[in-house]
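The values are calculated or read from the model by the stated rules, or taken from the named source; none is laboratory data. Not measured: the values here are computed from a predicted model. Note that each Cβ is placed from the backbone with ideal geometry, even for glycine, and that neighbours are counted across all protein chains shown. In case anyone asks, the SASA skips ligands and DNA or RNA and just uses the protein heavy atoms, side chains included. Shrake-Rupley method; radii C 1.70, N 1.55, O 1.52, S 1.80 Å.
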Amino acid sequence: MTNISFNDVNLKEQYSEQCHRSDIDISVNMGKFSLLLPIFSANMPQITETSMAVCMYKNGGRGIIHRFCSIYDNIKMFKEVMDKLKTDDPYAVGVSIGVQKDDQDRFIQLYREGARLFCIDVAHGHHILVKNMMRWIKGENGNFHKDVCLIVGNVATTEGARDLAEWGADIEKIGIGGGSVCATRKNTGVGTPQFTAIQNAKKGLEKYPNVKIIADGGIKNAGDIPKAFAAGADAVMVGAVLAGTTETPGRVYPCPDTDLWNRQYYKIYGGSASGENKVSNGKEHKFVEGVMKTVPFKGKAKYILSEIIDGLKSSYSYSGASNSEEFKRKVKFEIMSSEGKEESKL
């Protein structure tokens, strides 16, 4: 079997009775909570802190705050989001932890402050340290911290997805090396094209229908999102799509060469495993699997999210579907030739 990416796939149009695309329901059930917009903002230092998490919730999605800061700053950001949203929804914003001893302390303190949506965020999710952390949080029989919704990743294989479910994952993050600022495949040779990775995970979760899938990586435009759903994902996580927006952390810089993008301003965006991010968080410049780059300043994230909503509803309509579950049942796709990709402007 040939492994394929989103660019290798085209969705097929089908008979539709959807007279008004605005009536199409793109919401999804994620187990302990639902999303009006099936999108998570990436838990990366240049993507999700307070402002992005608030924006995502207000627009129907979710933000996952990154873990590359002190526990104190993590708690501060979480509390700021909850104060701004004025909601009693325990899953309004996600927080991230790793798999080391100090991450147990981070979990305990965030849990005490009311956090219930946790993401175990590591590059290689199919790992004994991940298993140990999951069992520490949920207990051997899954009866400890039952109110916690646990997102775990990343994996890209059938076996990895199956094992995370067996260890207690509620939601799995699928994707190795597909992000625009991720250098894992280039530096290590490891990774699976994203469409196939999602298919692998879906196969691994056949006996775990309640475990949900987040496709993490490879989303370059709105049209890639329904392709991820066609492969088996329930939601997507995006970084590059939102990079450079007002709500992302960091300064807006004037561009010294306005002809470069024909725009005046830019922001910085980088992978969590980039050398710069590792050093800024007190780690050694080793095992670097990410890069830093500049991106044009894009303005408010809500306008990008609005375009995504329109694109999803249109895609559902082309498949003759009125909602997310119906789309998954009805959607059909085909593999494109190189000429087809060029014609599709991919």
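Some notes on this structure:
- Single residue of segment 115-147 satisfying the filter (in a loop (DSSP other than H, G, I, E, B), of a type outside the set (D, E, K, R) and more than 22 Å from the chain's Cα centre (by Cα)) that is nearest to residue 198 (Cα to Cα): 142
- Here the helices (runs of 4 or more DSSP H) wholly within segment 287-346 that include at least 1 residues being β-branched (Val, Ile, Thr) and open to solvent by less than 50 Å² (accessible area, probe 1.4 Å) are 301-318.
- Residues in segment 62-107 that are over 22 Å from residue 33 (Cβ atoms) and of a type in the set (Val, Ile, Thr): 71, 99.
- Single residue of 130, 148, 155, 181 found to be at pLDDT 95 or above, surrounded by 21 or more Cβ atoms within 10 Å (Cβ to Cβ) and touching a Phe, Trp or Tyr at 6+ places or on another chain (Cβ under 9 Å): 130
- Any hit, segment 195-217, residues being open to solvent by 10 Å² or more (accessible area, probe 1.4 Å), closer than 18 Å to residue 331 by Cβ, under 16 Å from the mean Cα position of the chain (by Cα) and not β-branched (Val, Ile, Thr): yes
- Those residues of segment 61-100 which are in contact (Cβ under 8 Å) with a residue 40 or more places away in the chain and under 23 Å from residue 307 (Cα atoms), in sequence order: 61, 62, 64, 93
- Residue 221 being closer than 21 Å to residue 27 by Cα and either surrounded by fewer than 21 Cβ atoms within 10 Å (Cβ to Cβ) or in contact (Cβ under 8 Å) with a residue 40 or more places away in the chain (or both): yes
- In the set 160, 168, 139, only one residue is open to solvent by 10 Å² or more (accessible area, probe 1.4 Å) and either over 27 Å from residue 75 (Cβ atoms) or at pLDDT below 95 (or both); that residue is 139.
- Boolean, residue 187 is open to solvent by 10 Å² or more (accessible area, probe 1.4 Å), farther than 22 Å from residue 134 by Cα, touching a residue at least 40 places away in the same chain (Cβ under 8 Å) and not charged (D, E, K, R): yes
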